1. Quick test of your reading of the structure: G621 fulfils all but one of (1) under 12 Å from A384 (Cα atoms); (2) buried (at least 16 other Cβ atoms within 10 Å of the Cβ); (3) not hydrophobic (A, V, I, L, M, F, W, C). Name the failing condition by number.
2. Are there any strands (runs of 3 or more DSSP E) wholly within the stretch 442-547 with 2 or more residues that are of a type in the set (F, W, Y), and if so which?
3. Of all residues in the stretch 576-594, which are in contact (Cβ under 8 Å) with a residue 40 or more places away in the chain, in contact with a strand residue (DSSP E or B) (Cβ under 9 Å, 6 or more places away or on another chain) and either within 21 Å of T481 (Cβ to Cβ) or surrounded by fewer than 20 Cβ atoms within 10 Å (Cβ to Cβ) (or both)?
4. So V491 fits all but one of (1) surrounded by 18 or more Cβ atoms within 10 Å (Cβ to Cβ); (2) under 30 Å from Y212 (Cα atoms); (3) touching a residue at least 40 places away in the same chain (Cβ under 8 Å); (4) in contact with a strand residue (DSSP E or B) (Cβ under 6 Å, 6 or more places away or on another chain); what number is the exception?
5. R533 passes all but one of (1) without any contact (Cβ under 8 Å) to a residue 60 or more places away in the chain; (2) among the basic types (K, R); (3) more than 17 Å from R483 (Cα to Cα); which number fails?
6. Can you name the residue in the stretch 162-202 that is among the β-branched types (V, I, T) and in contact (Cβ under 8 Å) with a residue 12 or more places away in the chain and is also nearest to D304 (Cα to Cα) among such residues?
7. Could you check how many residues of the stretch 602-634 are assigned to a strand (DSSP E or B) and in contact with a helix residue (DSSP H, G or I) (Cβ under 7 Å, 6 or more places away or on another chain)?
Amino acid sequence: MSDKTSGEELRCGQCIKAYRDPRLLGCLHSFCMECIQEHVNKNKWKRSLLCPLCQKEMLIPKEGLSTLSKDIYIKAQLDSSKLKPGTECEICQENNGPARSRCIDCEVNLCVSCKSKHAPVDSEQVHNFIDFEEVKPDGRQKPNHHTRLTQSKTCNKHPGVELNVYCTKCKTVICRTCKEEKHSAHPVQETGDVSKMMRSSLSHFLGAIKEYLPDFENYVKKIRQGQKEAESDLQNAIKDVKSRAKFLQNEIEKVSENLVYELKQRHKSSVEELNKEAKNVINSYKSIATVTTSADRMLKLGSDLNIIDISKKIQKRFMQIEDELPTMDIDKIETVGFVPGGLKFDSLPKLFGQCTKGEIALPTLPVPWGIRVAKEFEICSIAAFKIQNSPETIQAIAPISDQEAWVACGWGTKNVYLYTISGERKKKITLDIQIDHLCVTPSGELLVSSYEDKYIRKINKEYQVCDFAMPHLFPGGMFMTKRKELFVCAVDSYTTRRAEHSRRCLMKMSEYGMAIDEIDEDGDVALFGAPYRVVEGPNRSLIITDREEGKLRVACVDHEGCRKFVYTGPKQPQTNQPFNPLGLCCDRAGNLLVADWGNHAVHLVDTDGDFKGCILSQKDGLFKPNAMALDKSGQLWVGDGNATLRVYKYGKRDY
């Protein structure tokens, strides 16, 4: 729970004592070896066992429980305090310098030279090390240090050759000799790069669980409070009954005891189901929290090879998290009380009083939006860089490939830049108009709209600027479909308050800039107040960010102007700030991604306009997102209010 000390995560969930020979089960829960043995013996299990926390079933190794995997991550965390700056090497006593590593298998601190001798490349034994790394200060921070788990592991087929290459086709770690012999035609990556990508993907998933845990913890607290209140009501009622019994003297003692018995029976009947549900809720919380801690420890301390080896297992385990969430079959319980009777001696039971009942409202389990999104979608940071010499908001991004994108940064700017995904500026073009939005045509040309002038300029592949269209309204957000239809958000003024005779519409143009149609009304009802950005949705629908004052929303219409849905933000959970939509894009499945400036988040909305969760939030480093775009390979480009451009690998999780 929230008052848990940092040391409690290093206590066995079974005996609640410091770990002794911790072993890691397939469900990612860890227990003392002795506790697992007692648990199995007590239940007389032979072939499989159930985890004491989450009750997941797993096979007992044929070689016996002693062969269960040791939790090297807990061992590394416990041993990290034994490796500090200035610790001397226990082999050469500082002849070759201070200790920089600790072998957690042999429990010995080693300098760089002794480490290489301790685990030579041609050794068949696998040694797990925690390495001391000093973080150099950048002028503002104090010197710092941390430790990380590393591993010495060589190829089984080529003794003495280190495993340091990942075959993306076979999804396995190989040595460079294996690459040349059997994987020469396969795409490969360095294990460090693969591990970094996997850490990012899993960390996003883990972050969603961490973000949900406080809500879950609060839910558990409310359940426990309900238990306490029910118990308190019982005790108060019993106290009133006994007080009444004393008042009426000994002759009504039997009636008193009968009523006490009745109260207890009613209480038992009403809370038995609650106690059962509460136990499941608490166990579920402990299970998920412990898995989170275990996975967090692995991602922080695990070596590249550890991460690759256990990545699938962690991901598979995460897939099961939502299934463990409890469902409360009851929404209230009856409580007991006591009301004394009047002092009329016509009937002893009537004179004594009678039982009453009240209610304690129970909370509903908060919806795990973040976990659901992370379970279905993978989002992994690929790149992040700031636009050079600009502190302002990125208002437009137009990718031309998975490596390059045109960018406009700063309201009122006349400059458009071509950036690579690595942050290199390849081209700068200065126009004679103030830029609002950018759009790349299917042929690779760039369209630029102006919010101050009634112009749309075109920049061709030779970077020459020419006129494309001169609409009668001010053009804003643009989107060109695969059918080469250009849709443009158009207004008669850039005020966000719509006047009675304002012109606010979606213009349809040809690929040559010729006006074809306008979408502005659904019957006699005006569709837009201040259309800002537009994308094409599923079934050729059009989705528009409408920034009308007091009515910020996202609207979906068809080509005839019939409104299909309006999205005004999630009903649950409550956001910290009002929904403030800006940029948007649609993925290949038709899901809508909406930048929420005020809440530093990107919403994921389904094809019916229902909130599915936040695909990115402030915990991912997002700050006032505005411009968004998906390139042809499905990578998500996000520009924020701090001139930072971020690129993510985005898509359905690969199971």
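The values are calculated or read from the model by the stated rules, or taken from the named source; none is laboratory data. No experiment lies behind these values; they were computed from the predicted model shown. Here the Cβ is made from the backbone with ideal geometry for all residues, glycine too, and neighbour counts use every protein chain on show.
1. Every listed condition holds for G621 apart from (2).
2. Details: elements: 446-450, 456-459, 465-469, 474-480, 486-491, 504-509, 515-519, 531-536, 542-546.
Where strands (runs of 3 or more DSSP E) fall fully within the stretch 442-547 and carry at least 2 residues being of a type in the set (F, W, Y), they are 474-480.
3. G583, L584, C585, C586, D587, R588, A589, L592, L593, V594, listed by residue number.
4. Going through the list (1) surrounded by 18 or more Cβ atoms within 10 Å (Cβ to Cβ); (2) under 30 Å from Y212 (Cα atoms); (3) touching a residue at least 40 places away in the same chain (Cβ under 8 Å); (4) in contact with a strand residue (DSSP E or B) (Cβ under 6 Å, 6 or more places away or on another chain), V491 breaks only (2).
5. Unmet condition: (1).
6. T191
7. Summing the residues that are assigned to a strand (DSSP E or B) and in contact with a helix residue (DSSP H, G or I) (Cβ under 7 Å, 6 or more places away or on another chain) in the stretch 602-634 gives 5.
Every residue, every condition in (1) within 24 Å of D71 (Cβ to Cβ); (2) at pLDDT below 80; (3) surrounded by fewer than 20 Cβ atoms within 10 Å (Cβ to Cβ), yes or no:
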residue	(1), (2), (3)
H146	yes, yes, yes
S152	yes, yes, no
C155	no, no, yes
K171	no, no, yes
T177	no, no, yes
L202	yes, no, no
K221	no, no, yes
Q225	no, no, yes
